[in-house]
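A short worksheet on the structure shown next.
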Amino acid sequence: MTVHHLRGGGTSLLLEDGVTPRFLHWGAALDPQVDLSGLSALLGRPVPHSAPDEPLVQSLFPQAAEGWRLRPALSGLRVDGPNDPIRLSHHQTRWTERGCEVDYTAPATGLHVTVHLDLDEHGVLTQGASLTNTGSSLYAVDRLALTLPLPMRAREVLDLTGRWCRERHPQRTTLGLGTWSRESRHGRTGHDGVTLLHVGTPGFGFGHGEVWAVHLGWSGDSDTWVERDPSGFAQLGVAELLSPGEVVLAPGESYATPTAYAVYSAWGMDEASQALHAHLRARSSHPSRPRPVTLNTWEAVYFDHRLDRLTELADAAASVGVERFVLDDGWFGGRRHDRAGLGDWTVSAQVWPDGLTPLIDAVTSRGMEFGLWVEPEMVNLDSDLARAHPDWLLAPPETIPIAWRHQHVLDLAHPEVFAHILDRLDALLRDHDIAYLKWDHNRDLVQAAHGRAPGVHAQTLAAYRLLDELRSRHPRVEIESCASGGARVDLGIIERTDRVWASDTLDPIERQTIQRWTAALLPPELIGAHIGSEQSHTTGRRASLGFRCVTAFFGHLGIEADLTAMSPVDRNRIAVTVAEHKALRPLLHSGLVVRLDEVDEGAMAHGVIAHDRTEAVFAWVQLTTAAAEVPGRLRLPGLDPSRTYAVRELHLGGGATGAQISGPAWRQPGREIEVPGALLVSLGLQLPVLHPEQGIVLHCREV
Ligand code: DGJ
């Protein structure tokens, strides 16, 4: 039997050809020259009592007929029978340099499955599968899962969950025998989307411990799980979550899974995230020009759209260095509030009697791009569209599903609906100088039905088609994925958009956690991070300008506050922050993201390090009061101990306030100090005593 050795990043994947291709190893990289000839003898499992009489293997396509007792890869129903539990046999494997494509079939079942996987140079393993109904009757797909092996030492799970304005908070649990499954049933990724499920050796952190992580690139319903059973196997799994009858294949039809993205790291969660970031950055569609500093009008004016008011805001935006001005909700149809107008994608003559062009001209003449908010998949019943086409709802016939933010969903998989919405958006982009769409999706799908069957699957694919078609017609327009904040953050949507809106909360305390964990999957340049108002509109909490600026600094920076109501001093402080960001964004948006483990309780630290280690930016934030009267030292990982660095504290948003009389001595406003990298890496620098809800940002550059 041949063992195939795939290598990429710090990862090796060993697969053995045989009756069925099976996993031998997914983990630490092995030398390509290592002799694998004795591997079967080394790793072959004994046959225990009260178990199948053949040694069990962990197949690329696990089936119950192999004696496998964890979740099988395929479950479904031949609608007219027979449904004998037949085993699909391995038919053939096509190997490439980086992966393989494996076919499974059994004529009696009328099913043909192909599983493909690829390990890229960054260590990101992508996997997908397709199922074709080669029989002569209908086949209803229940689940087509993508699975990966885990060693027994992977015992701890960390995944993300959340709610509106509190997305992507971590939760940690110990994996016993059984299944830890995270199902998302929102018809969109969900505020509580798992984002990245990490499983690791006990106590793993950002920079230590072995970690295996997986993500499903899909914006509909999904299941992500990890399981162990007494047979001694453990597996990671992902699958689209299908409702009964949602995918029924006619003879000759196929179903394809979304793509699974999996990474192994020998050095904690950061290395896994860095591999994903590198994978994303290598795409030809990855944004390549500097991320334009954005002003979004939402929290500044809400639905109060007036040309003079917004021109004043555009003036203020340009004066602080904004490069993209985005007009949010409220510009179209009868949309004077959130109960009407969705679906009517024509400029409101009531608020924009001369159309949007005067505002667009005001924006572009001030050197900024213009962006516009849309919510294409949605409709208000109080709209011309719903009145004309009440049957265009994504709902069972004669049914109006429960409203959510007073709105409903259009059945985008219906060809006429699709054509209408495409036409409206296309016309908008053709008729105006629009560089950017903020594409929102403000509700879960409830009772989603398409063609008398559950409709989330078809809706998700139709939304993807709509985005793909618009992008091919308007390749220069960038798109943001927003869904009541961060409820559509996944690599399916990221294939078709240029950034995500991480959350509707701009409260920096909340944002610190949300952005930290959104970065588990996405590099900072894809994460929208805005400086909000002093008093958060979503939590009511007040935050200093310094802390708001420190928090937004690393992502795709924006401002979402009424700049015209701010004092000249604060506006100037924002301008300084914007200028610092512009100077550092080449590094912030290309470097290695690190999140530091070694920080006192009540504080957090993170940074971005240039690949050649010539430069880095670190943030340390004091979230609550600290237990110690003086915090510890901050060691700066990733710098080169053999080089010397000039270290400077950035003065963002007017700086941080402290609770101390003096020191530390290195902290001289506006001054750089030169420090050997060896000291920064091993000893670190003494932190100041900050007030809670304050932070500092340090820039290190090689001298
Ligand atoms: C929800 C978004 O997340 C907000 O930023 C804003 O665009 C509103 N929708 C507009 O309705």
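Numbers for the structure displayed
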| item | result |
| --- | --- |
| Unmet requirement for ARG488, which otherwise passes all of (1) touching a strand residue (DSSP E or B) at 6+ places or on another chain (Cβ under 9 Å); (2) within 17 Å of VAL379 (Cα to Cα) | (2) |
| Strands (runs of 3 or more DSSP E) within the range 163-244 that include 1 or more residues of a type in the set (D, E, K, R) | 169-174, 178-184, 222-228, 234-240 |
| Long-range neighbours under 7 Å by Cβ, at least six apart or interchain, first residue of a type in the set (Gly, Ala, Ser) within the range 146-157, second surrounded by fewer than 18 Cβ atoms within 10 Å (Cβ to Cβ) | ALA154/THR201 |
| Tabulated pairs, the range 288-300, first closer than 23 Å to GLU580 by Cα, second among the aromatic types (Phe, Trp, Tyr) and crowded, with 21+ Cβ neighbours inside 10 Å, C-beta under 7 angstrom, 6+ apart or interchain | LEU295/PHE325 |
| Every pair of residues 6+ apart whose Cβ atoms lie under 8 Å, when the first sits in the range 424-440 and is within 16 Å of the ligand (Cβ to nearest atom) while the second is polar (S, T, N, Q) | LYS438/ASN296; TRP439/SER481; TRP439/THR497; ASP440/SER484 |
| Residue under evaluation GLY321, criteria (1) surrounded by fewer than 23 Cβ atoms within 10 Å (Cβ to Cβ); (2) within 15 Å of the ligand (Cβ to nearest atom), criterion not met | (2) |
| Residue match in the range 469-485 (condition: under 24 Å from LEU249 (Cα atoms) and either within 16 Å of the ligand (Cβ to nearest atom) or surrounded by 18 or more Cβ atoms within 10 Å (Cβ to Cβ) (or both)) | no |
| Among residues of the range 391-419, those that are away from the ligand (no atom under 16 Å from the Cβ), out of contact with any helix residue (DSSP H, G or I) (no Cβ under 8 Å at 6 or more places or on another chain) and either touching a residue at least 40 places away in the same chain (Cβ under 8 Å) or at negative phi (or both), counted | 9 |
| Pairs, first free of Cβ contacts under 8 Å to residues at least 40 places away in the same chain and more than 18 Å from TYR261 (Cα to Cα) in the range 488-504, second among the β-branched types (Val, Ile, Thr) and more than 16 Å from the ligand (Cβ to nearest atom), C-beta under 9 Å, six or more apart | VAL500/ILE494 |
| Only one of GLY110, GLY99 that is touching a residue at least 12 places away in the same chain (Cβ under 8 Å), farther than 16 Å from LEU13 by Cα and either in contact with a strand residue (DSSP E or B) (Cβ under 6 Å, 6 or more places away or on another chain) or of a type in the set (Gly, Ala, Ser) (or both) | GLY110 |
| Residue tally, condition under 17 Å from PRO508 (Cα atoms) and acidic (Asp, Glu), over the range 164-184 | 1 |
| Enumeration of residues in the range 89-122 that are within 24 Å of VAL247 (Cβ to Cβ), among the small types (Gly, Ala, Ser) and assigned to a strand (DSSP E or B) | SER89, ALA106 |
| Restricting the range 486-496 to residues that are surrounded by fewer than 24 Cβ atoms within 10 Å (Cβ to Cβ) and not in a helix (DSSP H, G or I), the residue that is nearest to the chain's Cα centre (by Cα) | GLU495 |
| Residues of the range 53-64 classified as surrounded by fewer than 18 Cβ atoms within 10 Å (Cβ to Cβ) and at pLDDT 95 or above, total | 2 |
| Hits in the range 295-315 - residues which are crowded, with 20+ Cβ neighbours inside 10 Å and away from the ligand (no atom under 12 Å from the Cβ) | LEU295, HIS305, LEU310, LEU313, ALA314 |
| Qualifying residue in the range 330-348 (condition: surrounded by fewer than 18 Cβ atoms within 10 Å (Cβ to Cβ), among the β-branched types (Val, Ile, Thr), touching a residue at least 60 places away in the same chain (Cβ under 8 Å) and more than 16 Å from the ligand (Cβ to nearest atom)) | yes |
| Residue within the range 123-132 that is assigned to a loop (DSSP other than H, G, I, E, B) and touching a residue at least 60 places away in the same chain (Cβ under 8 Å) present | yes |
| Cβ pairs under 8 Å, 6+ apart, first in the range 514-534 and basic (Lys, Arg) and modelled with pLDDT of 95 or more, second surrounded by fewer than 24 Cβ atoms within 10 Å (Cβ to Cβ) and outside any loop (DSSP other than H, G, I, E, B) | ARG516/ARG595; ARG516/MET604; ARG516/HIS606 |
| Lone unmet requirement of (1) over 22 Å from ALA427 (Cβ atoms); (2) of a type in the set (A, V, I, L, M); (3) more than 14 Å from the ligand (Cβ to nearest atom) for ALA502 | (3) |
| Complete set of residues in the range 509-563 that are under 21 Å from THR297 (Cβ atoms) and part of a loop (DSSP other than H, G, I, E, B) | GLY532, SER533, GLU534, SER536, HIS537, THR538, THR539, ALA543, GLY555, GLU560, ALA561, ASP562 |
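To keep it simple, each residue is scored yes or no on (1) of a type in the set (D, E, K, R); (2) in a loop (DSSP other than H, G, I, E, B); (3) in contact with a Pro (Cβ under 7 Å, 6 or more places away or on another chain).
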site	(1), (2), (3)
SER662	no, yes, no
TRP666	no, yes, no
GLY670	no, yes, no
GLU674	yes, no, no
ALA678	no, no, yes
VAL697	no, no, no
CYS700	no, no, no
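The values are calculated or read from the model by the stated rules, or taken from the named source; none is laboratory data. Computed from a predicted structure; not experimentally measured. Cβ sites come from the backbone with ideal geometry, for glycine too, and all protein chains shown count toward neighbours.
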